[in-house]
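Asks: Take a look at the following structure, please.
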Amino acid sequence: MQRFVDKVLDVTKESVKTFTYESLNNIVRLINGISALLLALLPGKANILEGIQGWELRPTFRGPRLPRWMENGVSSFNQFIHELSVDSDVESLDYLSGEEDDDDDGYDDYYPETPSSVSSRASSRASFNGYSRHRMDWIRYILLWILITGKFVLGIPFRLFKLVYDGMSKPRSVSENQQSAQSHLHARVQTLKDQIIHRTTDRRRGIIEDIHLALEIFIEAVFDIVHKAVYLLLSPSKAFGKLSRLFSSHERGVEDDDNVFVNASVSTAMLGENDPTPTERNTDFRQSFSTDARTCQDVITELGYPYEAIHVITADGYVLLLERIPRRDARKAVYLQHGVFDSSMGWVSNGVVGSPAFAAYDHGYDVFLGNFRGLVSREHIDKNISSREYWRYSINEHGTEDIPAMIEKIHQVKTAELKLSKPDIEEDNDGAQLYKLCAISHSLGGASMLMYIITSRIEEKNHRLSRLILLSPAGFHHDSNLVFSVVESVIFFLAPVLSRIFPAFYIPTRFFRMLFNKLARDLQNLPAAGGLVQTLLGYVLGGDSSNWVGVLGTPHYNMNDMPAVSFYVGLHLAQIKRSRRFRMFDYGSASANIEVYGSPEPLDLGEHYWLIDIPVDLVAGHKDRVIRPSMVKRHYRLMKEVGVDVSFNEFEYAHLDFTFSHREELLSYVMSRLLLVKTNPKHEVSQRSLRLRKKEHVSG
């Protein structure tokens with residue numbers, strides 16, 4: 001009778017699960033279908049949807065995955081064989097270091113091997129592994145299909161497949177050798193299962209997937225209670241016997257504890273005799289919610305590159321994170337500065353073959369990634385600073401506090417390291433740097449960088465830069481769409497009220513940041529709903545075709561931290577748009593401006609472009625509707641009129657394509673501009689001369 005009841009309950013439970021899943025899936029299909037209908041009625045969607053690669057209007061049944069533009073791919077630019085796993089990379093490094101001779105006469109001393117250079121020499125091995133991996137992928141997909149079919153189509157209980165898939169149940173009595181062998185076999189089977197699941201899913205879950213999981217847990221819990229209740233009714237004697245033994249064992253345990261008879265080293269089987277070895281389960285808070293909370297450090301180190309974090313304190317007490325992909329002996333350094341609602345993650349989010357940071361490192365540069373103040377972590381030396389006080393800053397502070405502090409820290413680090421590694425190199429009497437530093441900036445970072453150079457020259461300070469590359473820089477905004485004009489008017493006229501209500505634009509709590517991250521995940525899994533959101537965002541931003549939905553799902557926007565923008569930064573941008581000039585922040589009164597600038601009006605940076613004493617490369621996007629090409633050309637004309645060594649180039653890109661999309665043409669152009677900067681010949685010391693001097697020193 002008990003077996004019959006168990007079977008009935010199992011069949012009922014599986015039926016309830018199937019009905020629940022199908023009901024939820026039908027609701028999701030309805031949402032996606034309505035989104036597709038609305039999307040079909042909206043005009044001008046074709047241009048906006050260009051930013052989504054692999055766009056599909058028809059819903060497809062596939063597991064969650066990252067957007068295709070974030071996946072690592074093979075590129076002729078970096079020649080990186082991305083399909084090698086981390087383990088095979090380590091093995092190839094050990095193998096190559098033992099087999100190959102160094103014929104480069106000290107070249108590796110200056111430029112050590114990178115993941116791209118090592119993997120390019122193992123291309124034949126990667127092609128063979130690719131064939132085997134392709135065959136294994138099909139095997140995994142077939143096994144996964146059998147699992148799903150067995151559960152939902154054939155009606156076979158999923159527990160039976162789980163037992164088979166996990167290597168069947170273990171015997172009740174085994175020796176130590178058999179235990180280790182079974183553990184090893186179980187680990188291999190578990191790894192195979194993880195690989196199968198990883199091919200169709202990744203580490204993140206959306207809200208819909210969480211609802212699926214919650215429903216399954218709830219159904220399991222309910223039927224577990226029902227099963228125990230039925231067991232109690234059908235076998236009351238056995239049930240009461242177990243309860244009596246449970247209470248008696250508990251009482252004995254208490255008595256033993258009182259009489260100090262318990263030996264702490266004695267272990268008991270908590271899960272039954274079939275579990276010969278106790279297992280420990282470590283739960284990560286981030287993984288429990290299945291959100292992608294990777295940091296820039298995680299992305300860099302996972303790809304096999306070195307990483308260093310440097311904390312910088314500004315003059316006004318803000319603690320900034322300066323991240324680095326270090327080449328300590330390199331005398332060429334590049335500093336990358338992000339834009340609004342962005343962080344250093346933007347420079348590495350496309351993996352090895354599509355990220356400017358990795359491209360610069362592979363070209364021999366010491367790479368520094370700057371982060372403006374404004375991350376939700378709100379780091380400040382004053383631990384008791386209020387939220388309103390923390391967010392009281394404009395673009396002025398980005399250009400006159402943040403960038404100077406980070407560049408000065410770069411100078412201190414590079415100078416100390418080069419003097420330590422190359423003691424024969426000395427600074428000239430005129431104070432020339434031991435290294436060359438170039439800067440690459442995007443959007444707001446470009447405007448802040450121009451402000452930094454001009455204010456440094458006015459104050460007669462060394463800005464330490466040798467070249468400046470500006471990707472769609474901010475600074476002029478009067479040529480913009482109607483929505484931006486409305487936002488500018490609202491911010492400008494309601495600033496006294498809004499600044500008190502909204503000191504910054506950000507999501508304040510971890511819970512809502514988690515929901516935001518999961519919602520972005522769902523939009524990527526539902527093509528029509530994601531396309532609708534993409535289209536509406538494109539309308540708001542004047543038709544810009546950047547992959548806005550894809551960017552919302554990047555690790556920037558996670559439950560632990562998220563880029564934010566101060567209200568006064570928005571007010572500053574509104575002032576620039578209204579005045580049609582690239583000016584510093586207007587404090588609202590002549591007396592306040594006189595106290596800061598020495599004049600009733602804020603400093604007009606566009607009128608001081610003649611102070612720029614380094615080459616500047618301006619890059620615009622033809623499809624950019626956030627900062628239109630006409631506004632970048634305004635920078636170009638003003639610089640050209642005063643004799644700045646400036647160049648202008650335009651690509652068929654939208655605003656976010658400069659950082660978040662894999663654009664090989666752009667990377668090639670940016671690297672070509674960086675390579676125009678040559679190191680100082682006075683500081684050139686060959687490896688051969690250094691070795692000779694070392695030999696003379698040893699012999700002496």
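Asks: Whole-Hz Karplus ³J(HN,Hα) for the stretch 504-511, in order, using 6.51 cos²θ - 1.76 cosθ + 1.60 and θ = phi - 60°, x for Gly and Pro?
Replies: For the stretch 504-511, the Karplus curve yields 7, 9, 6, 9, x, 10, 5, 5 Hz.
Asks: In whole Hz, with x marking every Gly and Pro, tabulate ³J(HN,Hα) for the stretch 215-223 from phi via Karplus 6.51 cos²θ - 1.76 cosθ + 1.60, θ = phi - 60°.
Replies: With coefficients 6.51, -1.76 and 1.60, one gets 5, 5, 5, 5, 5, 4, 5, 4, 5 Hz.
Asks: Sort 435, 335 by Cβ crowding within 10 Å, fewest neighbours at the top.
Replies: Neighbour counts put them in this order, fewest first: 435, 335.
Asks: Sticking with this one: Find how many whole Å separate the alpha carbon centroid of the stretch 616-635 from the alpha carbon centroid of the stretch 397-418.
Replies: After rounding, the separation between the Cα centres reads 28 Å.
Asks: For the stretch 568-578, just list the computed ³J(HN,Hα) in residue order, Karplus coefficients 6.51, -1.76 and 1.60, θ = phi - 60°, integers in Hz, with x standing in for Gly and Pro.
Replies: Whole-Hz 3J(HN,Hα) from phi for the stretch 568-578: 6, 5, x, 5, 4, 4, 5, 4, 4, 5, 5.
Asks: Same structure again: Mind listing the long-range amide H neighbours of residue 617? Cut-off is under 5 Å, sequence gap 5 or more, other chains count too, H placed in the peptide plane at 1.01 Å from N.
Replies: It is 468, 469, 470, 647, by chain and number.
Asks: Distance cut-off 18 Å, Cα to Cα: go down the list 461/577; 436/678; 409/461; 332/409 and report the pairs above it.
Replies: Over 18 Å Cα-Cα: 461/577.
Asks: While we're looking at this one, here's another question. Under the Kirkwood approximation for Rh and a Cα-based Rg, what ratio Rg/Rh is obtained for the stretch 290-435?
Replies: Here the Rg-to-Rh quotient is 1.00.
Asks: Would you please give the FRET efficiency between residue 315 and residue 5, computed as 1/(1 + (r/R0)^6) with r the Cβ-Cβ distance and R0 = 60 Å, to the nearest 0.05?
Replies: 0.20
Asks: Using 0.36 nm per residue, how much length does the chain from residue 217 to residue 229 gain when fully extended, once their Cα-Cα distance is taken away?
Replies: Stretched fully, the residue 217-residue 229 segment lengthens by 2.5 nm.
Asks: At a 10 angstrom cut-off on C-beta neighbours, averaged per residue, how do the peptides 574-580, 370-376, 667-673 rank from highest to lowest?
Replies: Descending mean neighbour count gives 370-376, 574-580, 667-673.
No lab work stands behind these numbers, since they all come straight from the coordinates. Just so it is clear, the model here is predicted, and its values are computed rather than measured. Cβ atoms come from the backbone with ideal geometry, glycine included; neighbour counts cover every protein chain shown.
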